[in-house]
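Heads up: the structure comes next, in structure tokens.
The values are calculated or read from the model by the stated rules, or taken from the named source; none is laboratory data. All values reported here derive from a predicted model rather than from experimental measurement. Quick reminder, even Gly has a Cβ in these numbers, built from the backbone with ideal geometry, and neighbours come from all protein chains shown. Heavy atoms of the whole protein, side chains included, go into the accessibility calculation; ligands, DNA and RNA do not. Shrake-Rupley method; radii C 1.70, N 1.55, O 1.52, S 1.80 Å.
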Amino acid sequence: MKLKLAILILLGFTLILFLAHKLTLVTPPEDILRTTSGRTNFLLLGMGGASHEAADLTDTLMFVSLNPLTKDTVLLSIPRDLWIASLRAKINTAYHYGGLTAAKTAVTEILGQPIHYAVTLDFTGFTQTIDLVGGINITVPQTFDDFQYPIPGQETAPPADRYEHLHFDAGRQHLDGATALKYVRSRNAEGEQGTDFARSRRQQQVISAFKDKLFSAQTLLNPTRLLELKRTLSASLIHDLSDAEILALTKLAIGFSSTHLRSGALDTESGLLIHPPVSPRYDSQWVLIPRDDQELKNYVTTLIFSPTQSPTN
């Protein structure tokens, strides 16, 4: 099962306490983590950070729902152009306006699900973490070019100096951190790869590859690498979990495998989202909105509570 970009935040976050503390978790994770109907829900956010334009706009948003008892995990990528009526703005601005609390409230407004915890990771932490595990190997499904990849710090430069030309060949590739970031962030590629939904699929590849390297023997048996990972992630993460809650996640992560993962999609292809006409109602912006609010919420509920599970009070 493929993973979305922001799962890196959760996997890396659990590693921090795993490396930093020698604690024994006596209480089961399901008795420590906050839950609703047997699920613990996370909002994972990726953003540029201080060295990027619009540093606190969230470039990536991911809803993760976990059953602590079974480890069943649902991943749902949230398009950053979703319009939030209560904010009168796109969802990627929520963190800018009100930090983790506002971002969690905005996602609940759209999905109809409570958000128990939120975690952010900046681009610097992303690139450094991938480099620390020795890079990743992926298979690029389709050759593509992006002639308008923005160069950080060059936002006011002439167009000829403002953008970098990205080119990725189809086939097996080894990516370092900087290249992996460009691969997952590219949004102006020519053809099919220029859509946000293709971008989400690329994110899935990168994080699946990262997960394998993070929990490989080459990483876990290398004390120097582990300490550097801890240092990098500690400096790059913002969160609202206690030490005990992080430790509970760490225990769950140790036995985690791809068999526990399911994913869904919020996009126009599924019909759940539509592009309304550009109008003053949406501040003349290009946005996404649910075709029907309740239909979208029902989809998320059904996704989380698969046929083998049912919501309980």
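Of note:
- When Thr219, Thr268, Thr232 are checked against the criterion of being open to solvent by less than 60 Å² (accessible area, probe 1.4 Å) and either small (Gly, Ala, Ser) or over 17 Å from Val133 (Cβ atoms) (or both), a single residue qualifies: Thr268.
- Residue list for region 238-265, filter: surrounded by 15 or more Cβ atoms within 10 Å (Cβ to Cβ) and at pLDDT below 75: Ala253, Phe256, His260
- The one condition from (1) farther than 21 Å from Leu45 by Cβ; (2) at pLDDT 80 or above that Phe210 does not meet is (1).
- Residues that are open to solvent by 40 Å² or more (accessible area, probe 1.4 Å) and not acidic (Asp, Glu) within region 113-133 comprise Pro114, Thr124, Gln128, Leu132, listed in sequence order.
- Qualifying positions in region 142-167 - touching a residue at least 40 places away in the same chain (Cβ under 8 Å) and more than 15 Å from Ala178 (Cα to Cα): Gln142, Phe144, Asp145, Asp146, Phe147, Gln148, Gly153, Glu155
- Here Arg172 clears all of (1) open to solvent by less than 20 Å² (accessible area, probe 1.4 Å); (2) closer than 30 Å to Ala217 by Cα except the condition numbered (1).
- Selected residue [open to solvent by 10 Å² or more (accessible area, probe 1.4 Å), part of a loop (DSSP other than H, G, I, E, B) and of a type in the set (Asp, Glu)] from Glu109, Glu155: Glu155
- Test: residue in region 186-194 that is among the charged types (D, E, K, R), in a loop (DSSP other than H, G, I, E, B) and either on the phi < 0 side of the Ramachandran plot or buried (at least 20 other Cβ atoms within 10 Å of the Cβ) (or both): yes
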